[in-house]
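Worksheet for the structure shown next.
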Amino acid sequence: MGKRRTYIFITGGVMSGVGKGVASASLGAILKSRGLRVTAVKIDPYINVDAGTMNPVEHGEVFVTRDGDETDQDIGNYERFLDEDILKVNYMTTGRVYLSVIQRERTLGYGGKTVEVVPHVPQEVISRIKLAAKHHDADVTIIEIGGTVGEYQNVLFLEAARMMRIETPDDVLVGLVSYLPVPGALGEMKTKPTQYAVRTLNSAGIQPDFVIGRSTHRIDDLRKKKMAVHCSVQAEDIFSAPDVSSVYEVPRVMEEEGLGARVVKKLKLRAGKPDLRAWNKLTKSIANAKKPVRIGVVGKYAASGDFNLSDAYLSVLESIKHAAWSIGRKPEIVWIDAGELEKTKKISKKIDGILVPGGFGSRGVEGKILAAKFAREKKIPYLGLCYGMQLACIEFARHVLHMRGAHTTEIQPDAAHPVIHLMNEQEEKMKNKSYGGSMRLGSYICRLKKGSRARKLYGEAAVEERHRHRYEFNPDYRQAFEQKGLVVSGESPDGMLAEIIELKNHPFFMGTQAHPEFLSRPFKPHPLFLGFLHACTKK
């Protein structure tokens with residue numbers, strides 16, 4: 001008989017975006033603090049095989065794992081809260097599941113049986129969940145089902161949860177994260193939407209074992225009792241998750257609510273006492289950070305109709321926060337719309353640093369190039385990530401090396417000076433329109449130049465960083481760049497790819513082809529972000 005493994009499904013009710021990912025990650029953190037081995041799985045109910053082809057405004061950022069999977073942003077939450085690498089085995093979509101079932105059927109993997117949506121699709125989901133648990137040797141595997149109950153897309157995943165609970169009822173829990181509104185005109189917390197969410201979950205054959213109530217306020221005893229009656233959940237299994245100033249307060253709040261102890265009791269787990277000292281220290285550091293540091297983030301994915309969304313740059317923003325808090329500063333994000341910048345050509349002088357994150361396409365490119373020029377000329381600390389590095393190189397070519405027509409072949413295939421060009425191995429893929437999962441993805445080694453700022457910040461001769469790109473700095477221009485002071489301080493082991501660039505005689509002007517934001521953790525800020533924030537405080 002092998003090791004006992006337990007599973008906790010986290011579902012959503014009422015509406016999406018209320019924090020299932022943070023709730024799942026925080027539950028994982030408080031269970032891990034008890035000495036348990038914990039991993040987390042994300043299920044996205046999309047036909048897309050991965051998140052790489054989804055619009056960031058609609059879906060949020062694409063988080064790249066160490067082993068090169070393009071996943072949902074919640075995988076990033078799991079990594080930050082569990083302080084562990086989450087891998088491809090921990091992520092699935094409807095498209096990925098169906099593709100596996102169909103491929104298996106084509107190779108007679110089902111032995112000639114009639115392959116049906118039920119039970120074969122839920123069985124594939126279950127096998128993937130168990131594979132992730134085994135791969136990480138987890139005592140507890142938390143499975144977050146994207147979206148909300150009642151959506152057609154979620155039915156098969158809820159069916160998988162139901163089937164697992166029938167198979168091993170003592171090893172499976174189901175939690176519902178639901179929203180409890182407090183309408184301003186009424187001034188009263190309303191439980192009816194959550195009651196309907198529980199009833200909808202019941203219609204899928206599942207009764208939740210606990211409810212996490214998201215709201216602006218804590219749930220009072222009166223409403224807990226009311227929900228217990230109408231939702232068939234004991235009052236002690238209803239937990240408050242009120243709005244907090246930082247998501248890193250959520251583990252502490254959940255522990256205070258007693259969620260960790262209740263889950264341990266329900267699953268009959270052998271666990272130690274919780275140790276949240278590191279989390280308590282972090283939240284104190286956040287609360288004590290009073291002096292602001294203002295970072296201008298130049299992007300194009302923040303707008304959605306009349307609303308501004310930050311999810312497209314979630315890991316970047318979290319990385320800024322991690323670094324700022326670690327040096328006792330309060331991070332303030334100043335959104336700079338790259339498209340608007342092209343029109344106004346003005347950047348507020350009331351910023352301490354400029355960051356240009358990754359991206360694709362032509363929209364807002366000239367605005368981002370203008371931001372790099374402003375930072376270079378005004379001696380304002382600059383950090384360019386992926387596209388942000390490439391566009392800083394184009395700016396330097398145009399205005400320092402006076403190369404008219406310098407551009408990236410992504411935007412201008414016949415550029416007079418293709419400073420950024422398509423990687424050799426990508427040419428055939430582009431001809432065949434092989435876009436999904438075909439970029440340079442995952443962790444790659446970067447060798448750091450002795451005496452460089454990059455080497456000093458990392459404190460190592462070589463590091464691993466995660467990548468997601470098709471285009472690169474053209475090595476034909478390297479000598480010209482370095483003669484004028486923009487040097488390659490990080491490169492691939494064979495010396496062919498420029499991974500990090502930095503400008504001499506500048507307070508801080510760096511760009512990296514990688515995405516360091518994917519490696520920053522609340523207890524371990526990334527060296528490049530830390531160096532950038534340090535420079536910003538000295539401006």
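Quickly run through the stretch 509-522 and pick out the residues that are in a strand (DSSP E or B) and closer than 20 Å to A312 by Cα. I'd like the intermediate steps shown before the answer.
Residues of the stretch 509-522 in a strand (DSSP E or B): 509-512, 521.
Those that are in a strand (DSSP E or B) and closer than 20 Å to A312 by Cα: G511, T512, R521.
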| task | Just one of (1) touching a residue at least 60 places away in the same chain (Cβ under 8 Å); (2) out of contact with any Phe, Trp or Tyr (no Cβ under 8 Å at 6 or more places or on another chain) trips up I445, so point out which. | result | (1)
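A quick yes/no check of all residues on (1) in a helix (DSSP H, G or I); (2) surrounded by fewer than 21 Cβ atoms within 10 Å (Cβ to Cβ):
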{"site": "F481", "(1), (2)": "yes, no"}
{"site": "E502", "(1), (2)": "no, no"}
{"site": "L530", "(1), (2)": "yes, yes"}
{"site": "A535", "(1), (2)": "yes, no"}
| query | In the stretch 236-250, which residues are among the charged types (D, E, K, R), farther than 19 Å from L201 by Cβ and outside any loop (DSSP other than H, G, I, E, B)? | reply | E236, E249
| Residue that is surrounded by the fewest Cβ atoms within 10 Å (Cβ to Cβ) [pool: residues in the stretch 486-500 that are part of a strand (DSSP E or B) and in contact (Cβ under 8 Å) with a residue 40 or more places away in the chain] | E491
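Would you point out which residue out of V253, V334, V229, V233 is not assigned by TED's automatic domain parsing to the domain that holds L385 and not in a helix (DSSP H, G or I)? I'd like the intermediate steps shown before the answer.
Numbers: V253 fails: not in a helix (DSSP H, G or I); V334 fails: not assigned by TED's automatic domain parsing to the domain that holds L385; V229 fails: not in a helix (DSSP H, G or I).
Of V253, V334, V229, V233, the one residue that is not assigned by TED's automatic domain parsing to the domain that holds L385 and not in a helix (DSSP H, G or I) is V233.
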| said: Being surrounded by 19 or more Cβ atoms within 10 Å (Cβ to Cβ) and free of Cβ contacts under 8 Å to residues at least 60 places away in the same chain is the filter here; which residues of the stretch 374-384 pass it? | reply: F374
| query | Among the residues of the stretch 505-529, which ones are under 15 Å from L457 (Cα atoms), of a type outside the set (G, A, S) and over 19 Å from the mean Cα position of the chain (by Cα)? | reply | P507, F508, F509, M510
| task | Determine the pairs where a residue that is among the aromatic types (F, W, Y), located within the stretch 1-22, has a partner that is part of a loop (DSSP other than H, G, I, E, B) with Cβ atoms under 6 Å apart, the partner being 6 or more residues away or on another chain. | result | none
| query | Going by the conditions given, is A197 surrounded by 20 or more Cβ atoms within 10 Å (Cβ to Cβ), touching a residue at least 24 places away in the same chain (Cβ under 8 Å) and of a type in the set (G, A, S)? | reply | yes
| Condition broken by V125, with the remaining ones in (1) surrounded by 23 or more Cβ atoms within 10 Å (Cβ to Cβ); (2) among the aliphatic types (A, V, I, L, M); (3) part of a helix (DSSP H, G or I); (4) in contact with a Lys or Arg (Cβ under 9 Å, 6 or more places away or on another chain) satisfied | (4)
| said: Could you list, ordered by first residue, the pairs with Cβ atoms under 6 Å in which the first is in the stretch 317-343 and buried (at least 21 other Cβ atoms within 10 Å of the Cβ) and the second is at pLDDT below 95 and charged (D, E, K, R), at least 6 apart or interchain? | reply: A338/K300
| Which of the residues that make up the stretch 296-348 are at positive phi and at pLDDT 90 or above? | G328, K345
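Looking at D69, D74 in this structure, which one is closer than 20 Å to E151 by Cα and modelled with pLDDT of 95 or more? Break it down stepwise before answering.
On the way: D69 fails: closer than 20 Å to E151 by Cα.
Just a single option satisfies the conditions, and that option is D74.
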| field | Tally, over the stretch 200-214, of residues that are small (G, A, S) and either buried (at least 20 other Cβ atoms within 10 Å of the Cβ) or within 12 Å of T11 (Cβ to Cβ) (or both) | value | 2
| task | Keeping to the stretch 279-299, report how many residues are loosely packed, with under 14 Cβ neighbours inside 10 Å and touching a Pro at 6+ places or on another chain (Cβ under 9 Å). | result | 1
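If you take just the strands (runs of 3 or more DSSP E) that sit entirely in the stretch 362-454, which of them hold at least 2 residues that are under 28 Å from the mean Cα position of the chain (by Cα) and under 22 Å from V488 (Cβ atoms)?
Details: elements: 382-385, 406-408, 417-422, 440-448.
Result: 382-385, 417-422, 440-448.
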| field | Search result, residues across the stretch 206-226 that are part of a loop (DSSP other than H, G, I, E, B) and closer than 16 Å to L180 by Cβ | value | P208, T216, H217, R218, I219, D220
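Would you tally the residues in the stretch 19-58 being in a helix (DSSP H, G or I) and of a type in the set (A, V, I, L, M)? Lay out the reasoning, then the answer.
If we filter the stretch 19-58 for residues that are in a helix (DSSP H, G or I), which is where we start, we get 20-32, 51-53, 56-58.
Then drop every residue that is not of a type in the set (A, V, I, L, M), which leaves 22-23, 25, 27, 29-31, 51, 57.
Here the count works out to 9.
Those residues that are outside any helix (DSSP H, G or I) and either under 25 Å from the mean Cα position of the chain (by Cα) or not assigned by TED's automatic domain parsing to the domain that holds T409 (or both), I need them from the stretch 337-351; list them, please. So that I can check it myself, show each step before the final result.
Our first condition is that a residue be outside any helix (DSSP H, G or I); within the stretch 337-351, this holds for 337, 345-351.
Result: D337, single match.
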| Quick one: which of M423, M430 is in the same structural domain as I501 (by TED's automatic domain parsing) and either over 28 Å from T93 (Cα atoms) or touching a strand residue (DSSP E or B) at 6+ places or on another chain (Cβ under 6 Å) (or both)? | M423
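Criterion first (outside any helix (DSSP H, G or I), in contact (Cβ under 8 Å) with a residue 12 or more places away in the chain and within 27 Å of G437 (Cα to Cα)) does H506 satisfy it? Steps first, please.
Working: outside any helix (DSSP H, G or I): yes; in contact (Cβ under 8 Å) with a residue 12 or more places away in the chain: yes; within 27 Å of G437 (Cα to Cα): no.
So H506 fails the test.
The values are calculated or read from the model by the stated rules, or taken from the named source; none is laboratory data. Everything numeric here is computed off the predicted structure, so don't read it as measured data. Cβ: placed from backbone, ideal geometry, glycine included. Neighbour counts: every protein chain shown.
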